[in-house]
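The values are calculated or read from the model by the stated rules, or taken from the named source; none is laboratory data. The model shown is predicted, which means the values in this text are computed figures rather than measured ones. When we count neighbours, we look across all protein chains shown, and the Cβ atoms used for this are built from the backbone with ideal geometry, even at glycine. Just the protein is used for accessible areas: all its heavy atoms, side chains included, with ligands, DNA and RNA removed. Shrake-Rupley method; radii C 1.70, N 1.55, O 1.52, S 1.80 Å.
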Amino acid sequence: MVYISHAANVLILIAVCTAMWRADAGMEIAFGPDSPARRILACVYFAILLASLYALIRAGFGAPQIAVQIAMVLFPFQITYKLATAFAVGIDNPVVVTNLAVVALHTVTLIVMLRST
């Protein structure tokens, strides 16, 4: 499960970060106009992408415990801020809907991880 969650982070965030930096039309609808705040968010997303990518690479090179250690910090952080977006923005926003799907995935991953220890 931990690899699925990290891979989801990487795949989703490659698409989102690329679209944000290219200023694709859909990004303004979802995230608002290009602004310093949106660029800061893109940097946060990029950091999450790099953390999950690093976790997957290290696991691929024989250090699966690194993926677990990163997940134990990164996933609760993501769950917290993504749930907060539902209250701050409302659930009619496409970003929030995607956030809640990621929350569900990471929550299941954490439950599975905690039960296996």
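Examine region 77-84 for a residue that is closer than 19 Å to LEU50 by Cα and of a type in the set (D, E, K, R), and state whether such a residue exists. Yes; the residues of region 77-84 include at least one that is closer than 19 Å to LEU50 by Cα and of a type in the set (D, E, K, R).
Of the candidates ILE40, ILE48, ILE57, the single residue that is part of a helix (DSSP H, G or I), within 19 Å of the chain's Cα centre (by Cα) and over 27 Å from GLY90 (Cβ atoms) is ILE57. Of the residues making up region 55-67, at least one is touching a helix residue (DSSP H, G or I) at 6+ places or on another chain (Cβ under 6 Å) and touching a residue at least 60 places away in the same chain (Cβ under 8 Å).
Which one of these is in contact with an Asp or Glu (Cβ under 7 Å, 6 or more places away or on another chain) and open to solvent by 30 Å² or more (accessible area, probe 1.4 Å): ALA23, ALA47, ALA37, ALA7? Show your work before the answer.
Details: ALA47 fails: in contact with an Asp or Glu (Cβ under 7 Å, 6 or more places away or on another chain); ALA37 fails: in contact with an Asp or Glu (Cβ under 7 Å, 6 or more places away or on another chain); ALA7 fails: in contact with an Asp or Glu (Cβ under 7 Å, 6 or more places away or on another chain).
Step by step, each of ALA23, ALA47, ALA37, ALA7 is checked, and only ALA23 is in contact with an Asp or Glu (Cβ under 7 Å, 6 or more places away or on another chain) and open to solvent by 30 Å² or more (accessible area, probe 1.4 Å).
Taking each residue of region 86-115 that is within 15 Å of VAL68 (Cβ to Cβ) and looking for partners that are open to solvent by 70 Å² or more (accessible area, probe 1.4 Å) and in a helix (DSSP H, G or I) with beta-carbon atoms closer than 8 Å, six or more apart or interchain, yields THR109/ILE4; LEU110/MET72; MET113/MET72. Listed conditions (1) in contact (Cβ under 8 Å) with a residue 60 or more places away in the chain; (2) outside any helix (DSSP H, G or I) are all met by SER5, apart from (2).
Looking at this structure, is LEU105 open to solvent by 20 Å² or more (accessible area, probe 1.4 Å), part of a helix (DSSP H, G or I), of a type in the set (A, V, I, L, M, F, W, C) and within 15 Å of LEU13 (Cβ to Cβ)?
yes
Counting the residues of region 69-95 that are of a type in the set (A, V, I, L, M, F, W, C), open to solvent by less than 60 Å² (accessible area, probe 1.4 Å) and within 12 Å of the chain's Cα centre (by Cα) gives 5.
The one condition from (1) of a type outside the set (A, V, I, L, M); (2) closer than 22 Å to THR80 by Cβ; (3) not in a helix (DSSP H, G or I) that GLY62 does not meet is (2).
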